[in-house]
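Undergrad: Shown below is the structure under consideration.
The values are calculated or read from the model by the stated rules, or taken from the named source; none is laboratory data. This one's a predicted model, so the numbers in the text were calculated from it and none came from an experiment. Please note: Cβ atoms are built from the backbone with ideal geometry, for glycine as well, and neighbour counts cover all protein chains shown.
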Amino acid sequence: MRVAHPTRASLALADGAPLLELTDVKVSYGGIKALKGVDLRVFPGEIVAMIGANGAGKTTTLKSIMGLVPLAGGAVKLAGRPLAQDTTEQRVAEGISLAPEGRAIFPNLTVLENLELGAYLHRDAKAMKETLEDVTELFPRLGERMKQEGGTLSGGEQQMLAIGRALMARPRLLLLDEPSLGIAPKLVQQIFRAIAEIARSGVTILLVEQNTRIALSTSQRAYVLRTGEIALEGDAKELASNPEIQAAYLGG
Ligand SMILES: Nc1ncnc2c1ncn2[C@@H]1O[C@H](COP(=O)(O)OP(=O)(O)O)[C@@H](O)[C@H]1O
Ligand SMILES: [Mg+2]
(Lines give C-alpha, C1' and ligand atoms only; values in the text may rest on other atoms or scores of the structure.)
(Ligands and ions follow the chains in the order given, each with its own letter.)
Protein backbone atom coordinates (compact mmCIF):
# COMPACT_ATOMS: atom_id res chain seq x y z
CA MET A 1 0.00 0.00 0.00
CA ARG A 2 1.37 3.38 -1.04
CA VAL A 3 -1.71 5.50 -0.52
CA ALA A 4 -0.10 7.56 2.22
CA HIS A 5 0.60 11.19 1.42
CA PRO A 6 3.98 11.58 -0.33
CA THR A 7 5.09 14.39 2.00
CA ARG A 8 4.16 12.38 5.07
CA ALA A 9 7.71 11.19 5.71
CA SER A 10 9.09 14.70 5.60
CA LEU A 11 6.26 16.15 7.63
CA ALA A 12 7.79 18.31 10.31
CA LEU A 13 6.02 17.05 13.37
CA ALA A 14 7.66 17.23 16.78
CA ASP A 15 7.76 13.98 18.75
CA GLY A 16 4.49 13.49 20.56
CA ALA A 17 2.72 16.33 18.72
CA PRO A 18 -0.79 15.76 17.36
CA LEU A 19 -1.33 15.59 13.60
CA LEU A 20 -4.79 17.08 14.02
CA GLU A 21 -5.90 19.34 16.83
CA LEU A 22 -9.27 21.00 17.39
CA THR A 23 -9.44 23.54 20.19
CA ASP A 24 -12.76 24.99 21.35
CA VAL A 25 -14.30 24.59 17.89
CA LYS A 26 -17.71 26.20 17.61
CA VAL A 27 -20.07 25.98 14.64
CA SER A 28 -23.57 27.45 14.32
CA TYR A 29 -26.20 27.03 11.65
CA GLY A 30 -28.22 30.20 11.95
CA GLY A 31 -29.40 30.09 15.56
CA ILE A 32 -28.54 26.41 16.08
CA LYS A 33 -25.29 25.80 17.98
CA ALA A 34 -24.16 22.53 16.41
CA LEU A 35 -20.70 22.55 18.05
CA LYS A 36 -20.30 24.30 21.40
CA GLY A 37 -16.54 24.07 21.85
CA VAL A 38 -15.04 20.78 20.71
CA ASP A 39 -11.51 19.79 21.76
CA LEU A 40 -10.02 16.81 19.99
CA ARG A 41 -6.58 15.50 19.07
CA VAL A 42 -5.48 12.80 16.70
CA PHE A 43 -1.87 11.62 16.84
CA PRO A 44 0.07 10.24 13.86
CA GLY A 45 -0.76 6.61 13.14
CA GLU A 46 -3.85 6.49 15.32
CA ILE A 47 -7.37 5.42 14.49
CA VAL A 48 -9.53 7.69 16.64
CA ALA A 49 -13.29 7.21 16.76
CA MET A 50 -15.90 9.87 17.36
CA ILE A 51 -19.20 8.34 18.39
CA GLY A 52 -22.52 9.91 19.27
CA ALA A 53 -26.21 9.86 18.47
CA ASN A 54 -27.83 11.28 15.34
CA GLY A 55 -27.61 15.09 15.47
CA ALA A 56 -24.74 15.17 18.01
CA GLY A 57 -22.53 17.15 15.61
CA LYS A 58 -20.26 14.43 14.19
CA THR A 59 -20.62 15.42 10.53
CA THR A 60 -20.28 19.09 11.46
CA THR A 61 -16.98 18.29 13.20
CA LEU A 62 -15.63 16.69 10.02
CA LYS A 63 -16.91 19.62 7.94
CA SER A 64 -15.10 22.03 10.26
CA ILE A 65 -11.86 20.12 9.62
CA MET A 66 -12.37 20.23 5.83
CA GLY A 67 -13.32 23.91 5.85
CA LEU A 68 -16.83 23.14 4.62
CA VAL A 69 -18.46 25.19 7.38
CA PRO A 70 -17.23 28.47 8.89
CA LEU A 71 -16.05 28.39 12.52
CA ALA A 72 -17.89 30.57 15.02
CA GLY A 73 -14.90 30.13 17.34
CA GLY A 74 -11.84 28.03 18.09
CA ALA A 75 -9.19 26.58 15.79
CA VAL A 76 -8.34 23.56 13.65
CA LYS A 77 -4.63 22.79 13.27
CA LEU A 78 -2.85 20.29 11.06
CA ALA A 79 0.66 19.42 12.23
CA GLY A 80 0.58 22.50 14.44
CA ARG A 81 -0.46 24.90 11.66
CA PRO A 82 -3.83 26.68 11.89
CA LEU A 83 -6.01 25.98 8.82
CA ALA A 84 -8.29 29.00 9.20
CA GLN A 85 -7.14 30.68 5.98
CA ASP A 86 -7.11 27.50 3.89
CA THR A 87 -9.78 26.53 1.38
CA THR A 88 -11.07 22.97 1.26
CA GLU A 89 -8.98 22.30 -1.83
CA GLN A 90 -5.84 23.50 -0.03
CA ARG A 91 -6.66 21.23 2.90
CA VAL A 92 -6.90 18.29 0.48
CA ALA A 93 -3.52 19.28 -0.96
CA GLU A 94 -2.12 19.38 2.60
CA GLY A 95 -3.20 15.78 3.07
CA ILE A 96 -6.71 15.76 4.56
CA SER A 97 -9.32 13.69 2.76
CA LEU A 98 -12.98 12.98 3.57
CA ALA A 99 -15.20 10.05 2.64
CA PRO A 100 -18.50 11.83 3.29
CA GLU A 101 -21.65 10.58 4.94
CA GLY A 102 -24.09 9.12 2.42
CA ARG A 103 -21.09 8.38 0.15
CA ALA A 104 -21.83 11.13 -2.43
CA ILE A 105 -20.42 9.23 -5.38
CA PHE A 106 -21.33 10.22 -8.93
CA PRO A 107 -23.93 7.65 -10.01
CA ASN A 108 -23.59 8.24 -13.77
CA LEU A 109 -19.80 8.08 -13.81
CA THR A 110 -17.97 4.76 -13.85
CA VAL A 111 -16.10 3.44 -10.83
CA LEU A 112 -12.83 4.39 -12.53
CA GLU A 113 -14.05 7.92 -13.31
CA ASN A 114 -15.20 8.36 -9.72
CA LEU A 115 -11.76 7.28 -8.48
CA GLU A 116 -9.97 9.55 -10.95
CA LEU A 117 -11.92 12.54 -9.62
CA GLY A 118 -10.43 11.86 -6.18
CA ALA A 119 -6.95 12.23 -7.68
CA TYR A 120 -7.52 15.65 -9.20
CA LEU A 121 -4.56 17.08 -7.30
CA HIS A 122 -2.23 14.27 -8.41
CA ARG A 123 -2.30 14.38 -12.17
CA ASP A 124 1.06 12.64 -12.34
CA ALA A 125 0.13 9.49 -14.28
CA LYS A 126 2.54 7.15 -12.49
CA ALA A 127 1.44 8.16 -8.99
CA MET A 128 -2.20 7.92 -10.07
CA LYS A 129 -1.68 4.39 -11.45
CA GLU A 130 0.09 3.25 -8.27
CA THR A 131 -2.61 4.66 -6.04
CA LEU A 132 -5.28 3.05 -8.21
CA GLU A 133 -3.51 -0.30 -7.83
CA ASP A 134 -3.44 0.14 -4.07
CA VAL A 135 -7.13 0.97 -3.94
CA THR A 136 -8.10 -2.06 -6.04
CA GLU A 137 -5.86 -4.27 -3.91
CA LEU A 138 -7.65 -2.95 -0.86
CA PHE A 139 -11.10 -3.30 -2.45
CA PRO A 140 -10.97 -6.08 -5.09
CA ARG A 141 -14.71 -5.57 -5.69
CA LEU A 142 -13.93 -2.14 -7.14
CA GLY A 143 -11.27 -3.61 -9.39
CA GLU A 144 -13.86 -6.00 -10.83
CA ARG A 145 -16.30 -3.16 -11.48
CA MET A 146 -14.12 -0.38 -12.93
CA LYS A 147 -16.29 0.21 -16.01
CA GLN A 148 -19.60 -0.08 -14.17
CA GLU A 149 -21.56 3.08 -13.33
CA GLY A 150 -21.30 4.08 -9.67
CA GLY A 151 -25.08 4.13 -9.28
CA THR A 152 -25.31 0.41 -10.08
CA LEU A 153 -23.13 -0.58 -7.10
CA SER A 154 -24.58 -1.90 -3.85
CA GLY A 155 -24.51 0.39 -0.81
CA GLY A 156 -21.43 -1.36 0.57
CA GLU A 157 -19.63 -1.13 -2.75
CA GLN A 158 -20.49 2.57 -2.99
CA GLN A 159 -18.97 3.03 0.46
CA MET A 160 -15.80 1.27 -0.75
CA LEU A 161 -15.81 3.65 -3.73
CA ALA A 162 -16.19 6.69 -1.47
CA ILE A 163 -13.24 5.54 0.67
CA GLY A 164 -11.25 4.64 -2.45
CA ARG A 165 -11.91 8.05 -3.93
CA ALA A 166 -10.74 9.73 -0.71
CA LEU A 167 -7.55 7.62 -0.82
CA MET A 168 -6.82 8.70 -4.40
CA ALA A 169 -5.84 12.10 -2.95
CA ARG A 170 -3.10 10.24 -1.00
CA PRO A 171 -4.06 11.64 2.40
CA ARG A 172 -2.03 11.61 5.56
CA LEU A 173 -5.28 12.13 7.49
CA LEU A 174 -8.41 10.28 6.36
CA LEU A 175 -11.80 11.36 7.72
CA LEU A 176 -14.55 8.74 7.51
CA ASP A 177 -18.18 9.72 8.09
CA GLU A 178 -20.31 6.72 9.10
CA PRO A 179 -18.83 4.11 6.78
CA SER A 180 -21.16 1.43 8.23
CA LEU A 181 -24.38 3.37 7.62
CA GLY A 182 -27.03 1.38 5.75
CA ILE A 183 -24.65 -1.40 4.73
CA ALA A 184 -25.07 -5.18 4.94
CA PRO A 185 -23.15 -6.63 7.93
CA LYS A 186 -20.88 -8.78 5.78
CA LEU A 187 -19.67 -5.75 3.82
CA VAL A 188 -19.32 -3.73 7.02
CA GLN A 189 -16.77 -6.32 8.20
CA GLN A 190 -14.87 -6.05 4.89
CA ILE A 191 -14.87 -2.26 5.04
CA PHE A 192 -13.58 -2.17 8.61
CA ARG A 193 -10.84 -4.67 7.78
CA ALA A 194 -9.84 -2.30 4.97
CA ILE A 195 -9.88 0.66 7.37
CA ALA A 196 -7.45 -1.18 9.66
CA GLU A 197 -5.27 -1.96 6.64
CA ILE A 198 -5.27 1.71 5.56
CA ALA A 199 -4.11 2.68 9.05
CA ARG A 200 -1.33 0.07 8.91
CA SER A 201 -0.10 1.64 5.66
CA GLY A 202 0.59 4.87 7.57
CA VAL A 203 -2.59 6.91 7.14
CA THR A 204 -3.98 8.48 10.32
CA ILE A 205 -7.75 8.06 10.65
CA LEU A 206 -10.60 9.92 12.33
CA LEU A 207 -13.61 7.62 12.19
CA VAL A 208 -17.09 8.99 12.84
CA GLU A 209 -19.68 6.32 13.63
CA GLN A 210 -23.08 5.73 15.17
CA ASN A 211 -22.16 2.04 15.27
CA THR A 212 -20.40 2.27 18.64
CA ARG A 213 -19.47 -1.38 18.86
CA ILE A 214 -17.52 -1.56 15.60
CA ALA A 215 -16.05 1.93 16.07
CA LEU A 216 -14.63 1.09 19.51
CA SER A 217 -13.31 -2.29 18.36
CA THR A 218 -11.49 -0.67 15.40
CA SER A 219 -10.00 2.39 17.13
CA GLN A 220 -7.37 2.96 19.81
CA ARG A 221 -8.99 6.03 21.35
CA ALA A 222 -12.44 7.54 21.14
CA TYR A 223 -14.46 10.66 21.85
CA VAL A 224 -18.15 10.66 22.69
CA LEU A 225 -19.95 13.68 21.26
CA ARG A 226 -23.24 14.72 22.86
CA THR A 227 -25.23 17.73 21.57
CA GLY A 228 -22.18 19.51 20.28
CA GLU A 229 -19.88 18.80 23.23
CA ILE A 230 -17.35 16.11 24.10
CA ALA A 231 -19.02 14.17 26.91
CA LEU A 232 -16.35 11.50 27.37
CA GLU A 233 -13.01 10.53 25.90
CA GLY A 234 -10.46 7.82 26.44
CA ASP A 235 -9.03 4.48 25.51
CA ALA A 236 -11.44 2.66 23.18
CA LYS A 237 -11.36 -0.60 25.16
CA GLU A 238 -12.02 1.22 28.42
CA LEU A 239 -14.92 3.13 26.88
CA ALA A 240 -16.39 -0.13 25.55
CA SER A 241 -16.53 -1.48 29.12
CA ASN A 242 -17.81 1.78 30.62
CA PRO A 243 -21.34 1.16 32.02
CA GLU A 244 -22.55 4.58 30.86
CA ILE A 245 -21.45 3.86 27.28
CA GLN A 246 -22.91 0.37 27.42
CA ALA A 247 -26.27 1.69 28.57
CA ALA A 248 -26.42 4.61 26.15
CA TYR A 249 -24.72 3.28 23.03
CA LEU A 250 -24.21 -0.47 23.24
CA GLY A 251 -27.71 -1.61 24.13
CA GLY A 252 -26.95 -2.24 27.83
N1 LIG B 1 -27.00 22.55 7.02
C2 LIG B 1 -27.59 22.62 8.23
N3 LIG B 1 -28.47 23.61 8.53
C4 LIG B 1 -29.03 23.70 9.75
N5 LIG B 1 -28.81 22.82 10.75
C6 LIG B 1 -27.95 21.82 10.51
C7 LIG B 1 -27.31 21.65 9.24
N8 LIG B 1 -26.51 20.55 9.30
C9 LIG B 1 -26.67 20.06 10.55
N10 LIG B 1 -27.51 20.80 11.27
C11 LIG B 1 -27.89 20.59 12.68
O12 LIG B 1 -26.69 20.57 13.44
C13 LIG B 1 -26.73 19.53 14.42
C14 LIG B 1 -25.59 18.56 14.19
O15 LIG B 1 -25.77 17.88 12.96
P16 LIG B 1 -24.72 16.84 12.38
O17 LIG B 1 -23.36 17.43 12.48
O18 LIG B 1 -25.19 16.44 11.03
O19 LIG B 1 -24.84 15.63 13.41
P20 LIG B 1 -24.48 14.08 13.27
O21 LIG B 1 -23.54 13.94 12.11
O22 LIG B 1 -23.85 13.73 14.58
O23 LIG B 1 -25.76 13.35 13.06
C24 LIG B 1 -28.12 18.91 14.30
O25 LIG B 1 -28.93 19.56 15.23
C26 LIG B 1 -28.52 19.23 12.89
O27 LIG B 1 -29.91 19.30 12.77
MG1 LIG C 1 -23.66 12.78 10.44
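Undergrad: From the list Ala169, Ala184, which one is aliphatic (A, V, I, L, M), out of contact with any Ser or Thr (no Cβ under 7 Å at 6 or more places or on another chain), away from ligand 2 (no atom under 16 Å from the Cβ) and at pLDDT 90 or above?
TA: Ala184
Undergrad: Something else about it: Is it the case that the range 141-149 has a residue that's under 20 Å from the mean Cα position of the chain (by Cα) and either touching a residue at least 24 places away in the same chain (Cβ under 8 Å) or in a helix (DSSP H, G or I) (or both)?
TA: Yes, the range 141-149 contains a residue that is under 20 Å from the mean Cα position of the chain (by Cα) and either touching a residue at least 24 places away in the same chain (Cβ under 8 Å) or in a helix (DSSP H, G or I) (or both).
Undergrad: Next up: Taking Glu137 as the residue in question, decide whether it is among the acidic types (Asp, Glu), at pLDDT 95 or above and within 12 Å of Val111 (Cα to Cα).
TA: Here the answer is no, as Glu137 does not meet what is asked.
Undergrad: Considering only the range 56-102, state which residues are within 16 Å of ligand 1 (Cβ to nearest atom), touching a residue at least 60 places away in the same chain (Cβ under 8 Å) and not in a helix (DSSP H, G or I).
TA: Once the filter is applied, which keeps residues that are within 16 Å of ligand 1 (Cβ to nearest atom), touching a residue at least 60 places away in the same chain (Cβ under 8 Å) and not in a helix (DSSP H, G or I), the range 56-102 yields Ala56, Gly57, Leu98, Ala99, Pro100, Glu101, Gly102.
Undergrad: Can you find a residue in the range 101-113 that is in contact with a strand residue (DSSP E or B) (Cβ under 7 Å, 6 or more places away or on another chain), modelled with pLDDT under 95 and surrounded by 14 or more Cβ atoms within 10 Å (Cβ to Cβ)?
TA: Yes - at least one qualifying residue is present in the range 101-113.
Undergrad: Which residue out of Ala125, Ala79, Ala93 is at positive phi and surrounded by fewer than 23 Cβ atoms within 10 Å (Cβ to Cβ)?
TA: Ala79
Undergrad: Taking Ser201, is it polar (S, T, N, Q) and either on the phi > 0 side of the Ramachandran plot or crowded, with 22+ Cβ neighbours inside 10 Å (or both)?
TA: no
Undergrad: Which residue is nearest to Lys237 (Cα to Cα), if the candidates are limited to the range 38-62 and must be of a type in the set (D, E, K, R) and away from ligand 2 (no atom under 11 Å from the Cβ)?
TA: Only one residue tops the list, namely Glu46.
Undergrad: Restricting to the range 96-140, and then to whatever is of a type in the set (S, T, N, Q) and touching a Leu at 6+ places or on another chain (Cβ under 9 Å), can you tell me which residue is nearest to Gly150 (Cα to Cα)?
TA: Within the range 96-140, the match that is nearest to Gly150 (Cα to Cα) is Asn114.
Undergrad: Scan the range 31-55 for residues that are within 15 Å of ligand 1 (Cβ to nearest atom) and either surrounded by fewer than 17 Cβ atoms within 10 Å (Cβ to Cβ) or farther than 16 Å from Leu175 by Cβ (or both) and jot them down.
TA: Gly31, Ile32, Lys33, Ala34, Lys36, Gly37, Ala53, Asn54, Gly55
Okay, residues lined up against (1) assigned to a strand (DSSP E or B); (2) surrounded by 14 or more Cβ atoms within 10 Å (Cβ to Cβ); (3) more than 16 Å from ligand 1 (Cβ to nearest atom):
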{"site": "Pro171", "(1), (2), (3)": "no, yes, yes"}
{"site": "Leu174", "(1), (2), (3)": "yes, yes, yes"}
{"site": "Lys186", "(1), (2), (3)": "no, no, yes"}
{"site": "Leu207", "(1), (2), (3)": "yes, yes, no"}
{"site": "Ala231", "(1), (2), (3)": "yes, yes, no"}
{"site": "Ala248", "(1), (2), (3)": "no, yes, no"}
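Undergrad: Of these, Ala199, Ala194, Ala215, which one is part of a helix (DSSP H, G or I), away from ligand 2 (no atom under 16 Å from the Cβ) and in contact with a strand residue (DSSP E or B) (Cβ under 6 Å, 6 or more places away or on another chain)?
TA: Ala199
Undergrad: Turning to a different aspect of this structure: Taking the range 103-124 on its own, how many of its residues are part of a loop (DSSP other than H, G, I, E, B) and either touching a residue at least 12 places away in the same chain (Cβ under 8 Å) or not acidic (Asp, Glu) (or both)?
TA: The total comes to 12.
Undergrad: Please enumerate the residues belonging to the range 63-74 that are under 11 Å from Val25 (Cα atoms) and either among the basic types (Lys, Arg) or within 13 Å of ligand 2 (Cβ to nearest atom) (or both).
TA: Ser64
Undergrad: Related question: Output yes when any residue across the range 20-35 is touching a residue at least 12 places away in the same chain (Cβ under 8 Å) and assigned to a helix (DSSP H, G or I), and no when none is.
TA: No, the conditions are met nowhere in the range 20-35.
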